[in-house]
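Participant: One structure, as structure tokens, below. Some questions next.
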Amino acid sequence: MVVVVYDIPDDKKRVKLSNFLEGYGQRIQLSVFECFISLDEMRVLYAKVKKQVNPKEDNVRFYWIPEEAASLVLTIGSEKPDAPPNYYVI
């Protein structure tokens, strides 16, 4: 799991990034996403996000949480993070 957190002062740029991240994971707070992707996929996501932000004005962090550590997450006010299913039956 990857937790992506950000602080972007520009409204337009912040909305653009949050819409982009919705394609990778689940929003759990206004500027926090949980993404169930591999470490390699995180590196690709990082490179894509890096092109969208200005490091002098914006702050984006990617926290890699290994599978064995994700089960240790404690929450108050929400369910523990669960990975999406590997497949859907339609």
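Participant: Among the residues of segment 74-89, is there at least one that is free of Cβ contacts under 8 Å to residues at least 60 places away in the same chain, of a type in the set (A, V, I, L, M) and surrounded by 11 or more Cβ atoms within 10 Å (Cβ to Cβ)?
Facilitator: Within segment 74-89, the subset free of Cβ contacts under 8 Å to residues at least 60 places away in the same chain is 74-80, 82, 84-89.
Cutting the leftovers down to of a type in the set (A, V, I, L, M) gives us 74, 76, 89.
This time we only want the ones that are surrounded by 11 or more Cβ atoms within 10 Å (Cβ to Cβ), so: none.
No, segment 74-89 contains no residue that is free of Cβ contacts under 8 Å to residues at least 60 places away in the same chain, of a type in the set (A, V, I, L, M) and surrounded by 11 or more Cβ atoms within 10 Å (Cβ to Cβ).
Participant: In the set VAL4, VAL44, which member is touching a Cys at 6+ places or on another chain (Cβ under 7 Å) and modelled with pLDDT of 95 or more?
Facilitator: Details: VAL44 fails: touching a Cys at 6+ places or on another chain (Cβ under 7 Å).
Matching residue, one of VAL4, VAL44: VAL4.
Participant: Quick one: is SER38 of a type outside the set (Asp, Glu) and in contact with a Lys or Arg (Cβ under 9 Å, 6 or more places away or on another chain)?
Facilitator: Details: of a type outside the set (Asp, Glu): yes; in contact with a Lys or Arg (Cβ under 9 Å, 6 or more places away or on another chain): no.
So SER38 does not fit the description; no.
Participant: Please go through segment 45-73 and give me each residue that is surrounded by 13 or more Cβ atoms within 10 Å (Cβ to Cβ), free of Cβ contacts under 8 Å to residues at least 60 places away in the same chain and not charged (D, E, K, R), ordered by number.
Facilitator: The answer is LEU45, TYR46, VAL49, GLN52, VAL53, VAL60.
Participant: Could you please tell me which pairs satisfy a Cβ distance under 9 Å, a separation of 6+ or placement on different chains, a first residue in segment 20-42 that is under 14 Å from ILE8 (Cβ atoms), and a second residue that is part of a helix (DSSP H, G or I) and hydroxyl-bearing (Ser, Thr, Tyr)?
Facilitator: Between residues of segment 20-42 that are under 14 Å from ILE8 (Cβ atoms) and residues that are part of a helix (DSSP H, G or I) and hydroxyl-bearing (Ser, Thr, Tyr), the close pairs are LEU30/SER18; SER31/SER18; PHE33/SER18.
Participant: What number of residues within segment 1-30 are under 11 Å from the mean Cα position of the chain (by Cα), surrounded by fewer than 17 Cβ atoms within 10 Å (Cβ to Cβ) and part of a loop (DSSP other than H, G, I, E, B)?
Facilitator: Result for segment 1-30: 2.
Participant: Pick from GLU57, GLU34: which is among the acidic types (Asp, Glu) and either at pLDDT below 90 or assigned to a loop (DSSP other than H, G, I, E, B) (or both)?
Facilitator: Numbers: GLU34 fails: either at pLDDT below 90 or assigned to a loop (DSSP other than H, G, I, E, B) (or both).
Checking each option against the conditions leaves just GLU57.
The values are calculated or read from the model by the stated rules, or taken from the named source; none is laboratory data. For clarity, every value in this text was computed on a predicted model and none was experimentally measured. All Cβ positions, glycine included, derive from the backbone under ideal geometry; neighbour counts span all protein chains shown.
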